[in-house]
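Below: one structure, written as structure tokens.
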Amino acid sequence: MKHVLPIKSTYVSNWGIWECVRELIQNAKDEEDENDHKMTVTHKSGWLHIENEGADLQVNALLIGETSKAGNRKLRGEHGEGLDLAFLAGVRDEYDIRVETKTESWTPKLEYIKAFNSARCLVVTTRKLKNERTGVRVSVRIDRKNWLDLKKRFLFLDPPSEIMETDSGSLIMDEDRKGDIFVKGIYVMKAHKAFGFGFDLNNVRLDRDRQMIGAFDLQWALAHIIKDALGREPMKYAGTVMDLLDKGSDEVEYLGSALTKGSDASQALATAFKAEHGDNAIPVGSIAESQQLDHLGAKGVVVNAATVKALAPELGDYSEVAARLRMKPTNRYGWHDLTEVEQANLTKAELAISSITSEHMKVKAQLQVVDFADGSIEGSCNLGSGEIKVARSQCGNYFDLMEVMVHEVAHAVSQAQDGTISHVRTIEKMWRRLYEDASVDA
């Protein structure tokens, strides 16, 4: 029986023997994974044989859109047209194709169809087999060298010598597969030559031509695979990943977005960076930022934006680090180090604060007089510990000291950051109470 499929010979004109073999093996592998019908692929006497023991094919498999795999993200195919387009691509390039189901043999060819104004279309001729088979076999006449080149594009047929499997996909370390991108074990594309790994992705959706939907999807998936591999074997991969970051490789472009503070992957990269540049090294994006950190006692190492972001979860970005260093005390003073005027001002200020807030004893117990790395910093309050630091430069003048003390104690009382409504209102209340106490004393 002849089945004329309304598919013109020029359809998917960019498809060739690779796409033909890819779709046929993909269908067989999905059949194995979905229905446990074992797939075997062999090449004998000039023929490539793809078999599924126990499987069968019905003629409705030739219908465009006919599929049992729609919505099953674990499988590779879902569009229900791979078989027909594989036939088309193969016979158009003059490869012989034969299909043997349990009860029939199918032979696809291209013919001129009068009903379609003599357009050259795909035709599949079926006939009954004399003896029933135990499964499905699809055969393509192809020379061995051509097949061996194509075989490398299937990881489940030509496994890598070294591969790291993660929840997000697999990292392939083989030198000859660097930059190769696979999806569920089947080759998709060759990425940038500067890639340090090959990848097998689990959860990236492809279009009918098995092309990536977008560069972002690819880079995002690669970042998560690298992050997972780093988490499993940080010492093994940290150095390579840092090199890729330095080179600006696309495979680590979004690594920083995938990392979290305290994770094994994040700590491994920070350790590798410190080992190369020193314990006081901080990644920065410009020479100006490096200069600022140098003034604050740190070593600003200029790197690209992707490296800054990848190291930020563990080491912080420039703004965070600079702010922390500016607040870092360079000197701490005991009571005996202060002048009599400074001692008197501190005593008076503590007495005034004690009259308006129950936080006085806590504040007094944790008050420190210091010099800050940034001389413009007048005081600080650690909201977690309640520790208050006052710059010694403010202690020589009572009113300057009180301004700093009220501001910082208001942080401790309100447990709020600068500029928040709670902090501002607490400052206002403290000054009002100080004014009221002064009025009573007057």
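Taking the Cα-to-Cβ direction at D337 and at R98 and moving 7 Å from each Cα, how far apart do the two end points lie in nm?
Result: 9.4 nm between the two label points.
Please figure out what share of the DSSP beta bridges in segment 329-441 is antiparallel and state it in percent, rounded to the nearest 5.
If we restrict to bridges inside segment 329-441, about 65 percent are antiparallel.
Give me L110, L351 sorted ascending by neighbouring Cβ count inside 10 Å, so fewest comes first.
L351, L110
Based on other C-beta atoms within 10 Å, arrange Y112, Y318 from fewest to most.
Placing the least packed residue first, the sequence is Y112, Y318.
Using 20 Å as the cut-off for backbone N distance, which residues of segment 107-130 belong to the label zone defined by a point 7 Å from the Cα of K8 along Cα→Cβ?
Residues 109-124 qualify, since their backbone N sits under 20 Å from the label point.
Once Rh is set to the Kirkwood radius over Cα pairs, what Stokes-Einstein translational diffusion coefficient, in µm²/s, holds for the chain at a temperature of 20 °C and a viscosity of 1.002 mPa s?
After rounding, the answer is 77 µm²/s.
Out of I163, L122, Q219, whose Cα points farthest toward the positive end of the dipole of segment 122-227 (charges: +1 Lys, Arg; -1 Asp, Glu; placed on Cβ)?
Result: L122.
Given Cβ point charges of +1 (Lys, Arg) and -1 (Asp, Glu) and nothing else, what value in debye, to the nearest 20, does the dipole of the chain about its Cα centre take? Let's see the in-between values first.
Details: 56 positive and 68 negative charges, 450 e Å.
Around 2160 debye, computed over the chain.
Can you find, among H407, A268, S376, the residue sitting farthest towards the positive end of the charge dipole of the chain, where Lys and Arg contribute +1 and Asp and Glu -1 at Cβ?
Toward the positive end, the furthest listed residue is A268.
Going toward the positive end of the dipole of the chain, with +1 on Lys and Arg Cβ and -1 on Asp and Glu Cβ, which of P6, A352, G179 do you reach last?
Farthest along the dipole direction, towards plus: P6.
With +1 assigned to the C-beta of every Lys and Arg and -1 to the C-beta of every Asp and Glu, and no other charges, what is the dipole magnitude of segment 92-166 about the Cα centre in debye, to the nearest 20?
460 debye
Taking K and R as +1 and D and E as -1, what net charge do the other residues with C-beta under 12 Å from the C-beta of F87 add up to? Working shown, then result.
Working: positive: R92, R98, K109; negative: E19, E23, E81, D84, D93, D96.
With Lys, Arg at +1 and Asp, Glu at -1, the net is -3.
What distance in nm separates the simple spin-label points at N280 and V424, each placed 7 Å from Cα in the Cβ direction?
It is 3.9 nm.
So what's the net charge close to H277: Lys and Arg +1, Asp and Glu -1, counting the other residues with Cβ under 13 Å from its Cβ?
Net local charge, H277 excluded: -1.
If neighbour count is taken as other Cβ atoms inside 10 Å, put K178, K152 in order from fewest to most.
Ascending Cβ contact count within 10 Å gives the list K152, K178.
Viscosity 1.306 mPa s, temperature 10 °C: what is the translational diffusion coefficient of segment 383-429 from Stokes-Einstein with a Kirkwood Rh over Cα pairs, rounded to a whole number of µm²/s?
Reported coefficient: 144 µm²/s.
What does the charge add up to near M327, with Lys and Arg as +1, Asp and Glu as -1, over the other residues with Cβ less than 9 Å from its Cβ?
+3
So, by mean Cβ neighbours within 10 angstrom, what's the order for 168-174, 199-205 with the highest one leading?
Numbers: 168-174: 21.3, 199-205: 19.3.
Result, highest mean first: 168-174, 199-205.
About its Cα centre, how strong a charge dipole does segment 11-54 have in debye, to the nearest 20, once Lys and Arg get +1 and Asp and Glu get -1 at the Cβ?
The dipole of segment 11-54 has a size of about 340 debye.
To make sure I understand the rule: partners must be lysines, Cα under 20 Å from the Cα of K178, and not fewer than 8 residues away in the same chain. Which ones qualify?
Reachable lysines: K151, K152, K190, K193, K227, K236, K247.
Please say if segment 330-442 is rounded, prolate or oblate, where rounded means a/c under 1.5 for a ≥ b ≥ c the square roots of the C-alpha gyration tensor eigenvalues, and otherwise the choice is prolate for a/b larger than b/c and oblate otherwise?
Cα axes put segment 330-442 in the oblate bin.
Taking amide hydrogens as modeled 1.01 Å from N in the peptide plane, which residues meet the under 5 Å criterion relative to I142, leaving out close sequence neighbours?
W47, L48
Counting only complete DSSP H runs, which helices of the chain cover 18 Å or more along their long axis at the Cα atoms and score a mean Kyte-Doolittle of 0.0 or above?
215-232, 398-414
Tell me, what is the Rg over Rh of segment 1-56, with Rh the Kirkwood radius over Cα pairs?
Ratio of gyration radius to Kirkwood radius: 1.05.
Since every read-out is calculated from the coordinates, none of them should be taken as a lab result. As the structure is a computational prediction, the values presented were derived from the model and not from experiment. Backbone-built Cβ (ideal geometry, glycine too); neighbour counts: all protein chains shown.
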